[in-house]
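The values are calculated or read from the model by the stated rules, or taken from the named source; none is laboratory data. Just so it is clear, the model here is predicted, and its values are computed rather than measured. FYI the Cβ positions are ideal-geometry reconstructions off the backbone, even for glycines, and counts take in every protein chain you see.
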Amino acid sequence: MHPSPLPTHLASTAFTVDDGDRSGVSRGRMRALDLDRSLWGVRRSGPAMPDLEARCVMFALRMPATALFTHATAALLLRAPLPFELERETRLHISMPAPARAPHARGILGHRLELGDDDIAVTDGVRRTSVARTWCDLAPRLSLLDLVAVGDYFIHWRRPLATPAELAACASRLAGRRGARRMREALQLINDRAESRPESWLRVIIGRAGLPEAAINHSIVDTETGRSFRTDIAFPRHKVLLEYQGDYHRTRHQWRKDMTRRARLEANGWVVMEINADDLKNPGELVGRIRHALRRRGWRG
């Protein structure tokens, strides 16, 4: 026997048990197995393990009107690239504006924050910290490399969610807080051209190693075909390229495409260094290899 249909306005969203009562949904219907009942007092059509957005919508129905999602939860709502342990965190970061007390409940990490009007944003009815404030609140928890990667994502030229000036203004207001020094350092390193978290890491490692200034997403024209190649990181003066090889390069089609691309670049006189995730775990050794390649091309540093 199939459960009876929910009222149209409740069928595709989360709702409180009280809203169900007011809409004429019986308590028996609200106990049916087709509804997610993982959060007390809230129901939602769909699986019992909802995605982050759905969980936030459910929690928002029980949160005080002034509460909002913050820290890693706000960053993940914005699709920011975070370390694995933060991406897999099951508890939601929820904050109350000071002087109210931090919330305490099962399934959440509660905080109390000093917030200004510019620190609050609302998306699809869900309150969260603004992009700039989210970035600043992550500073005490993230390494410099990851803070830069999140900053790169937020200011990316194709789909900017914030400007460097907005990040800097928020960091300035929070100058006395934990992570302030890391924010200041990261602001000097963020770049709107980085395409991925590993690419951001690679750029920061290079920038802090005393190597020549590198070009991000440098375009190279094949002298025979006229075809343009957009590279990850390049040292144009010395004709050395760094190409990050992520897991998507493992497919047969991509592997063949990469081979042809590399052959054409080398035919045009470039040294192509392919970098993978393991290389980023040993930055000292990686920098040594890059330095050696540059010196072979005439760099005297």
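General observations
- Looking only at residues in region 53-76 that are β-branched (Val, Ile, Thr) and surrounded by 17 or more Cβ atoms within 10 Å (Cβ to Cβ), the one that is farthest from Arg88 (Cα to Cα) is Val57.
- Looking only at residues in region 285-301 that are over 35 Å from the mean Cα position of the chain (by Cα) and more than 11 Å from Leu211 (Cβ to Cβ), the one that is surrounded by the most Cβ atoms within 10 Å (Cβ to Cβ) is Arg297.
- Residue count for region 32-62, restricted to those that are in contact with a strand residue (DSSP E or B) (Cβ under 7 Å, 6 or more places away or on another chain) and either free of Cβ contacts under 8 Å to residues at least 60 places away in the same chain or more than 17 Å from Ala11 (Cα to Cα) (or both): 21
- Any hit, region 111-119, residues being more than 21 Å from Arg37 (Cα to Cα), assigned to a helix (DSSP H, G or I), touching a Phe, Trp or Tyr at 6+ places or on another chain (Cβ under 7 Å) and in the same structural domain as Arg173 (by TED's automatic domain parsing): no
- Residue list for region 42-52, restricted to those being out of contact with any Ser or Thr (no Cβ under 8 Å at 6 or more places or on another chain) and either surrounded by 13 or more Cβ atoms within 10 Å (Cβ to Cβ) or part of a strand (DSSP E or B) (or both): Gly46
- For region 8-41, the set of residues classified as surrounded by 11 or more Cβ atoms within 10 Å (Cβ to Cβ), aliphatic (A, V, I, L, M) and not in a helix (DSSP H, G or I) consists of Ala14, Val25, Ala32, Leu35, Leu39, listed by residue number.
- Of all residues in region 242-271 being at pLDDT below 90 and acidic (Asp, Glu), the one that is nearest to Ser219 (Cα to Cα): Asp258
- Members of region 260-284 found to be more than 27 Å from Val204 (Cβ to Cβ) and not in a helix (DSSP H, G or I), listed by number: Asn268, Gly269
- Of the residues Leu202, Leu241, Leu167, the single one that is touching a residue at least 24 places away in the same chain (Cβ under 8 Å), touching a Phe, Trp or Tyr at 6+ places or on another chain (Cβ under 7 Å) and under 14 Å from Cys136 (Cβ atoms) is Leu167.
- In the set (1) modelled with pLDDT under 95; (2) more than 30 Å from Ala267 (Cβ to Cβ), the condition left unmet by Gly207 is number (2).
- Strands (runs of 3 or more DSSP E) wholly inside region 211-255 containing at least 2 residues that are more than 20 Å from Leu280 (Cβ to Cβ) and assigned by TED's automatic domain parsing to the domain that holds Glu266: 219-221, 228-230
- Residue check for Arg197: under 21 Å from the mean Cα position of the chain (by Cα), exposed (fewer than 15 other Cβ atoms within 10 Å of the Cβ) and under 22 Å from His71 (Cα atoms): no
- Ser219 vs. criteria hydroxyl-bearing (Ser, Thr, Tyr), touching a residue at least 60 places away in the same chain (Cβ under 8 Å), closer than 30 Å to Glu166 by Cβ and in contact with a strand residue (DSSP E or B) (Cβ under 8 Å, 6 or more places away or on another chain): no
- The set of residues in region 251-271 that are out of contact with any His (no Cβ under 7 Å at 6 or more places or on another chain) and more than 17 Å from Phe235 (Cβ to Cβ) comprises Thr251, Arg252, His253, Gln254, Arg256, Lys257, Met259, Thr260, Arg261, Ala263, Arg264, Ala267.
- Single match in Arg203, Arg178, Arg158, Arg208 (criterion: in the same structural domain as Asp232 (by TED's automatic domain parsing), of a type in the set (D, E, K, R) and surrounded by fewer than 15 Cβ atoms within 10 Å (Cβ to Cβ)): Arg208
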